[in-house]
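A.B. asks: Pasting a structure here, questions to come.
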Amino acid sequence: MEQEAPKKYDNYFIAAAIELAREGMNTNVGGPFGAIVVKNQEIIGRGQNQVTSSHDPTAHAEVVAIRDACQNLNTFELRDCTIYTSCEPCPMCLGAIYWARIDRVVFAATRHDAAQANFDDEWLYREIPLAWEERKMDYQQIGQSEATKLFEDWNAKSDKTPY
């Protein structure tokens, strides 16, 4: 029954994410994408796509909202939170959502709707499940033994903050 309570606010919060997207688009901050992070029916993080204005290809609305929420809560995890986004998250944003431990995603437009406006990331969805040797981008692995020593050192570190 606890899952039902947050859902009654979904229309309100998705409208807020869409309005944030429109505002960012109209002020040329970035593309038509907006996201908010909500905890206990309170907005704790906001984000507009800022890729073009910040010259940062990772400044998607969801990533910006996650960063804002984490800063506001002084944490790196967003458990018990919902992210509302104007469009289905791309693979990068989906990864960020999972790493932030967000419990729920509510989105408006689909990735297919975005593709109609020339925001097509279907190629990326196809690349991700491939082994690195099969991807279109050139990959090369070097320095494995030195790098894996870092993991040994991390496991032995007594003052680490696990995540």
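Computed from the coordinates by the stated procedures, all read-outs in this text should not be read as laboratory data. Keep in mind the model is a prediction, meaning the values are calculated, not measured. Virtual Cβ from ideal backbone geometry, glycine too; neighbours counted across all protein chains shown.
A.B. asks: Taking the simple approach of a point 7 Å from Cα along Cα-to-Cβ for both residue 153 and residue 128, what is their distance in nm?
C.D. replies: Here the modelled spin labels are 3.1 nm apart.
A.B. asks: Moving on. For the stretch 60-160, what's the relative contact order in percent, using C-alpha pairs closer than 8 Å and at least 6 residues apart?
C.D. replies: Here the relative contact order equals 21 percent.
A.B. asks: Taking H as built 1.01 Å from N, whose amide H comes closer than 5 Å to the amide H of residue 44, not counting residues under 5 places away?
C.D. replies: Those lying under 5 Å, H to H, from residue 44 are 37, 38, 39.
A.B. asks: Something else now. Assuming a strict under-19 Å limit between Cα atoms, what lysine pair count do you get for the chain once near-sequence pairs (fewer than 8 apart, same chain) are dropped?
C.D. replies: 4
A.B. asks: Here is a follow-up. How large is the helix-only mean residue ellipticity at 222 nm for the chain, computed as the sum of -39500 (n - 2.57) over DSSP H runs with n ≥ 4, divided by its residue count, in deg cm²/dmol to the nearest 500?
C.D. replies: -12500 deg cm²/dmol
A.B. asks: Projecting each Cα onto the charge dipole of the chain (Lys/Arg +1, Asp/Glu -1 at the beta carbon, about the Cα centre), which of 130, 110, 84 comes out farthest on the positive side?
C.D. replies: Toward the positive end, the furthest listed residue is 84.
A.B. asks: Pop the C-beta distance of residue 141 and residue 72 into the FRET formula with R0 = 41 Å and round what comes out to the nearest 0.05.
C.D. replies: Rounded to the nearest 0.05, the efficiency is 0.60.
A.B. asks: In Å, the Kirkwood hydrodynamic radius of the chain over pairs of distinct alpha carbons?
C.D. replies: Working: mean 1/r = 0.0572 Å⁻¹.
Evaluated over the chain, this radius sits at 17.5 Å.
A.B. asks: With a cap of 16 neighbouring Cβ atoms within 10 Å, and only residues DSSP puts in a loop, list the chymotrypsin sites (Phe, Trp or Tyr not before Pro) found in the stretch 1-71.
C.D. replies: 9
A.B. asks: Which length gain, in nm to one decimal place, applies between residue 80 and residue 27 when the Cα-Cα distance is subtracted from 0.36 nm times their residue separation?
C.D. replies: That pair, residue 80 and residue 27, stretches by 15.9 nm at full extension.
A.B. asks: Given Cβ point charges of +1 (Lys, Arg) and -1 (Asp, Glu) and nothing else, what value in debye, to the nearest 20, does the dipole of the chain about its Cα centre take?
C.D. replies: Approximately 280 debye in magnitude.
A.B. asks: Does the stretch 1-78 come out rounded, prolate or oblate by the C-alpha gyration tensor, with a ≥ b ≥ c the root eigenvalues, rounded set by a/c under 1.5 and, if not, prolate when a/b is larger than b/c and oblate if not?
C.D. replies: Oblate, since a/c reaches 1.5 and b/c is not below a/b.
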